[in-house]
Amino acid sequence: IRDITVNQRYALADRKIIVLGAGGAARGIVGPLLAERPAELVIANRSQERADQVVAQFGGGDTLRACAFAELDKLTPFDLLVNATSAGLKGETPPFPPSLVDAKSFCYDLVYSQTDTPFVTWAKSHGARRAVQGWGMLVEQAAESFFIWRGVRPDTKPLLKQLVR
């Protein structure tokens, strides 16, 4: 989440957050998101059962809950939407209702591409305040690995500037 909290300067405390998808990428981000104390964290997945498994893995509670994609149209807009589905890897348009996004929403795609990902395009077309793809996540994961192995945290800003261009 370092790209979200540091590079994008987006505080997660007391935010209403949804993670779309319940695979390995989603499981990898749920713990760090919960550590930031959001007001609500919803795990949504095509299959309710997989979303429930992620919630159970992290102990559930008042903050964390699951839902199926079929229920998404009943939800109100989120502050932060994190796309952890593989749909963008295949170039597929996200199957999410526009009601998840409003003019205050920040949409973050864990997938990255040379051009806007389908999720970023979807978010922008539905009025999200900001929509970014996962280049920063990739760079920050590499920096974290470097830190673990070498004890030095590299400055990622120059590389991120170059990637944005």
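Annotation for segment 1-63 versus segment 99-165: alpha-carbon center distance of 16 Å. Helices in the chain, meaning DSSP H runs of at least 4 residues, each add -39500 (n - 2.57). Divided by all residues, the mean residue ellipticity at 222 nm is -10000 deg cm²/dmol.
Given the chain, report the % of alpha carbon pairs whose separation exceeds 19 Å. Walk me through the numbers before you get to the answer.
Details: 7339 of 13530 pairs.
Everything past 19 Å amounts to 54 percent.
Among 53-63, 23-33, the peptide with the highest mean count of other Cβ atoms within 10 Å heads the list, and the full ranking is 23-33, 53-63. Residue 85 sits among other residues whose Cβ lies under 15 Å from its own Cβ, and their net charge, with Lys and Arg +1 and Asp and Glu -1, is +2. The angle between the Cα long axis of helix 24-35 and the main principal axis of the chain comes to about 90°, on a 0 to 90 degree scale.
By the rule of a C-alpha distance below 17 Å, with chain neighbours fewer than 8 residues away ignored, the aspartates and glutamates paired with residue 74 are 40, 102.
Under 5 Å between amide hydrogens, built in the peptide plane, is the criterion, and for residue 111 it picks out 134 among residues at least 5 positions away or on other chains.
Under 11 Å from the Cβ of residue 147, count the other residues' Cβ atoms, weight Lys and Arg +1, Asp and Glu -1, and hand me the total. Within the 11 Å Cβ shell, the charges total +1.
Among residues other than residue 96 with Cβ under 14 Å from its Cβ, the summed charge is -2 (Lys and Arg +1, Asp and Glu -1).
The numbers here are math on the coordinates, done by the rules we state, and not lab data. Predicted model, so just to flag it, every value in this text is computed and none were measured. As a convention, Cβ positions derive from the backbone with ideal geometry for all residues, glycine included, and neighbour counts pool all protein chains shown.
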